[in-house]
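As structure tokens, the structure follows; a few thoughts come after it.
The values are calculated or read from the model by the stated rules, or taken from the named source; none is laboratory data. As the structure is a computational prediction, the values presented were derived from the model and not from experiment. Virtual Cβ from ideal backbone geometry, glycine too; neighbours counted across all protein chains shown. Side chains are part of the model used for accessible areas, which takes the heavy atoms of the whole protein and leaves out ligands, DNA and RNA. Shrake-Rupley method; radii C 1.70, N 1.55, O 1.52, S 1.80 Å.
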Amino acid sequence: MPVKDTILNRQDKAYRHARTDVVIVQREVHIKYKKSYGGMSPYIRGIMGREHARLLYTICDKAEDHDDLKPLRFQVPRADCPECYAPTHWQELPGDTRFIVETFSTAVDLAGISFMDQLPVTVAWIKAVLPDDENTELDTLVAGMVHSEDYKKLKKGDDVRPVFRKNPASNASDVMWVLLGTAVEKFPSGYVESKNYRVQKNF
Amino acid sequence: MAGSLNRKVALISGGKVNYFAKANPDLMFYEMAMQAVKEAVGDLGLKPKEFRKLLRERGGVIITHFADHFAGQLLGEALTRDYLGFNPVESYRIVGGGATGGLGVQAAVEKIASGRADIVIAVGYEKMSEVDTFQGNEFIALASDTVTDFPNGGYYPLYYAAMAQAYLDTFVGKTVTGEEIRDAFSKIAVMMRNNAQYNRRAQTSHENPYATSSTSGFINIEDVTRSGIVATPSYRLDCCLMTDGASAIIVACEDLARSLTDKPVFVTGLGNGTDCMRTGERQRTPGGLLKEELMLPHEKEDPEYLKLYEELEYPGLHSFRAGRWAAKKAYEMAGIHKKPLEVFDLIEIHDAFVISVIQTMEDLGMVPYGHSAKLFNELPVENGRVPINPKIGGENGLYINPSGGLIGQMHGVGSTGNTQAVDVLWQMQGKIEEKYGHPELQVPDPKTALFHSHAGTGSDITVTTVERGW
């Protein structure tokens, strides 16, 4: 962890609040992590698939051991069930899964340092509804960035579709979301449609 | 017995840094802690040597700070206790996001209730100014899942704003209108900020020498919506502060408490609730309040509550199940069965954002879910301002955050819950004019109070109830 200290120029704004003759240094710290996604790795590998990307979730079907006596479906996926501690099983979300905005907000003015040059940034919590007879919902919502022409028009209940980074960064932002029917030229820069999840398809 | 204290525990003395500040480069974190501890010990009429002797013979130390990143220092609690001359007394750090301070106070109470110590000092601090605001926002956002949520726009005001949107989508048109909620948001922001103008140590106080002209002084209702959207639908003045600050509170067993002060404030209830850190994983169960037996005693007796709660998808992203659990447990321990709005004279709650006040009043059972806005809509407005330290909820109501809370006074994360415990203690002991420099924020003759501490987007929440002991 390299650490570098240099005396701070007294004109720096950090000195403005001082009421005594303090010494202030600028300290720079550089850290590199080697971070494993562990049991979640299949999910990350799935969203790194560019035009062939897939959205995976996990299911635990030991309903009798769950609080509500129902199977549990997780996206964000988890390798182990939090209710019965059994290992979960991987499933793929079918192409005609509906993805629906449950809630959202758009950061307009301030953000963390990583997103300051990307504002406005919209984040939505998205519900996945399986195309089965019961319209089964996954038990969790997934948070993701939504790219839209006008964030002010986004609302709860909107149908969105996933798009995937053409050059994956190998993190959760390799999937972003656009409104159903969004034209390719309106996709976020650097993101493409997956053959497995058509953006134009009507449901 | 589970859910009870084995012996009585009292808050007896508190202290704070001389001034909360957006940036205080004059003091390192343990020097801020020294100011707070010096005040808390001095107010007991003890010399530091006498207090340290008590700690060595009968005591313990809890230190709370949130993020090692802010000071760039691991094990800062050790440096703090060294600086305060507490060695070799048993001491450890408690941490739990934004609830760190509140958890620390509860740990101090539990240490005494268990018999492990007769007197404990809980010291909280945070020095947030050594990184710039954008970096600070990012550090705070690291308290979301860094694998799944942080890479997607990680920013806490956005997380809360999304919860505000969920609240609007859940309750507008059913229990309240959008205009009523926005009106309540602005009144809450003005109430907190303007209360702080009568608290000379508050970060936004016009009397605080560390305050900047652009971030201090009174505000009007229209200032809030003129302050600019930070994250839809939240405005800049809807949001809390980032603070350099410290505070300390001393708690003791009953006999020692009574020998050290004639105004002990006894703890009657402790509650601590949790929920998923990833908000998307929280339950969305229709009738969840009933199914999980989360209704409070006074709610069970009212058919209107039952009707409302049978349909309400709970907690969803609109409410904090952790807060409701914490309140329920604290009230059970304290034997509170009546309407909390009429039980407590004073509450200090974690107003990280104005929406959190709306949500928390409902989690605490002050009003039914979806109905908080009305409490604030009732406040009169004169010259663009609500009254200073207004009583909320009518004649039998209570006072909320006379200190100015996180929006007006301070939010130095590891200190915040501790600071609010000190505020409640000073209120109960009638010390507000002495400590704040003004009498206006003194709640008249408070006998029962509550302080509340909150982490993340509601992942860890504490509720502590107290009563006057003389």
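Brief remarks follow.
- Rounded tilt (10° steps) of B:178-195 against the dominant C-alpha axis of chain B: 20 degrees
- Under a 5 Å amide H cut-off, with hydrogens placed 1.01 Å from N, residue B:66 pairs with B:414 among residues at least 5 apart or on other chains.
- The stretch B:176-270 - Rg (one decimal) and Dmax (whole number), Cα, Å: 18.7, 54
- Globularity index of the stretch B:329-391, i.e. its alpha-carbon radius of gyration over 2.2 N^0.38 Å: 1.24
- Bins of 10 Å, starting at 0 and running to the largest distance - Cα pair percent for the stretch B:246-381: 10, 37, 32, 15, 6, 0
- Residues along the stretch A:73-106 losing 10 Å² or more of accessible surface when the other protein chains are present rather than the chain by itself (probe 1.4 Å): A:76, A:78, A:102, A:103, A:104, A:105, A:106
- Diffusion coefficient of the stretch B:52-105 by Stokes-Einstein, Kirkwood radius over Cα pairs, 25 °C, 0.890 mPa s: 209 µm²/s.
- For trypsin sites (Lys or Arg not before Pro), the sites in the stretch B:154-256 that DSSP calls loop and that have at most 11 other Cβ atoms within 10 Å are B:174.
- Within straight-line cross-link reach of residue A:35, aspartates and glutamates at Cα separation under 14 Å, skipping those fewer than 8 residues along the same chain: B:145
- The long axis of helix B:354-363 is offset from the longest Cα principal axis of chain B by roughly 90 degrees.
- When the listed pairs B:338/B:447; A:152/B:187; B:338/B:374 are checked against a 22 Å cut-off, the alpha-carbon distance exceeds it for A:152/B:187.
- These residues, B:128, B:34, go from largest to smallest accessible area, 1.4 Å probe, as B:34, B:128.
- Cleavage-rule hits, GluC sites (Glu not before Pro), the stretch B:207-297, DSSP coil, Cβ neighbours within 10 Å at most 13: B:293
- Diffusion of the protein assembly as shown by Stokes-Einstein, at 20 °C in a medium of 1.002 mPa s and with Rh set to the Kirkwood radius over alpha-carbon pairs, works out to 83 µm²/s.
- Set of aspartates and glutamates with alpha-carbon distance to residue B:435 below 19 Å, sequence-local pairs under 8 removed: B:39, B:43, B:207, B:244, B:262, B:348, B:423, B:445
- Whole-percent pair-distance distribution, where bins are 20 Å wide, for the alpha carbons of chain B: 27, 61, 12, 0
- Spatially close Lys pairs in the stretch B:1-146, defined by Cα atoms under 24 Å apart and a spacing of eight or more places or different chains, total 18.
- Dimensionless Rg/Rh of the stretch B:385-470 - Kirkwood Rh, Rg from C-alpha atoms: 0.96
- C-alpha center-to-center spacing [the stretch B:415-470, the stretch A:49-112] in angstrom: 41 Å
- The charge dipole of the protein assembly as shown, taken about its Cα centre with unit charges on the Cβ of Lys, Arg, Asp and Glu (plus for the first two, minus for the last two), comes to roughly 1480 debye.
- Degrees between helix B:100-113 axis and first principal axis of chain B (Cα, 0 to 90, nearest 10): 60 degrees
- Once the 1.4 Å probe is applied to the protein heavy atoms, the protein assembly as shown comes out at 40 Å² accessible per residue.
- Helical mean residue ellipticity (222 nm; -39500 (n - 2.57) per DSSP H run of 4+; nearest 500) of chain B: -11000 deg cm²/dmol
- Inverse mean reciprocal Cα-Cα distance (Kirkwood Rh) of the stretch B:70-222, Å: 19.4 Å
- Under-5 Å amide H pairs with residue B:345, H placed in peptide plane, nonlocal only: B:447, B:448, B:449
- Solvent-accessible area assigned to carbon and sulfur over the stretch B:188-238 amounts to 48 percent, based on a 1.4 Å probe.
- Label point distance in nm, residue B:53-residue A:41, each placed 7 Å from Cα along Cα→Cβ: 6.3 nm
- Note on residue B:174 and residue B:218: their simple-model spin labels are 3.9 nm apart, each label 7 Å out from Cα toward Cβ.
- Counting all C-alpha pairs of the stretch A:38-192, share separated by more than 23 Å (%): 40 percent
- Spin-label model distance (nm) - residue B:87 vs residue B:306, 7 Å beyond Cα toward Cβ: 6.3 nm
- Inter-part distance, the stretch B:208-271 to the stretch B:115-189, computed on C-alpha centroids, equals 14 Å.
- The aspartates and glutamates within cross-link reach of residue B:339, meaning a Cα-to-Cα straight distance under 15 Å and a gap of 8 or more places when in the same chain, are B:299, B:301, B:302, B:304, B:362, B:363, B:395.
- If you wrap the stretch B:239-317 in the convex hull of its Cα atoms and look at it from every side, the mean projected area works out to 9.7 nm².
- Across the protein chains, with a 1.4 Å probe defining accessible surface, the residues B:470, A:177, A:90 rank B:470, A:90, A:177 from largest area downward.
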